[in-house]
C-alpha cells in the first residue's frame, strides 16, 4: 500500500496539483477541510461568494477532480483529500 501511495502522489497528484491555479488549490483545500461536503459550507470556509465560486467549481468538475450532486462536492480521486491537506500552503 505504501508503494501505491508513493506512486500515486509522485506521478499523479503532484502533476495535477502543479497545474491548478492558486484559487483552484484554495477551493480544493476548502473541500478537503469541510466534512459535510456541502457547497454552502465549502464557500463559507473559503470565504468566497457564489458568483466567484461557480467558475472554479465548474472547472474542477470538468477536470474530473470533483463529483457534484446538487449542493455537494466530493473528490473523485482516492486519497486526494489527504494529499491536498498535506500540500496546501496559503
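All of the numbers you see were taken from the coordinates with simple rules; none came from a lab. Here the structure is a predicted model, which means the values were calculated and not measured. Virtual Cβ from ideal backbone geometry, glycine too; neighbours counted across all protein chains shown.
A few remarks follow.
- Cα gyration tensor shape for the range 1-51, rounded if a/c is under 1.5, else prolate or oblate: oblate
- Computed Rg/Rh of the chain, alpha carbon atoms with Kirkwood Rh: 0.96
- Proxy reagent accessibility, fewest Cβ within 10 Å first, across 39, 16, 27: 16, 39, 27
- Residue separation of residue 7 and residue 40 scaled by 0.36 nm, minus their Cα-Cα distance, works out to 8.5 nm of gained length.
- The residues 50, 76, when put in order of fewest to most other Cβ atoms within 10 Å, stand as 50, 76.
- Counting neighbouring Cβ atoms within 10 Å and putting the fewest first, the residues 8, 73 line up as 8, 73.
- The chain, relative contact order in percent, only Cα pairs under 8 angstrom and at least six apart counted: 31 percent
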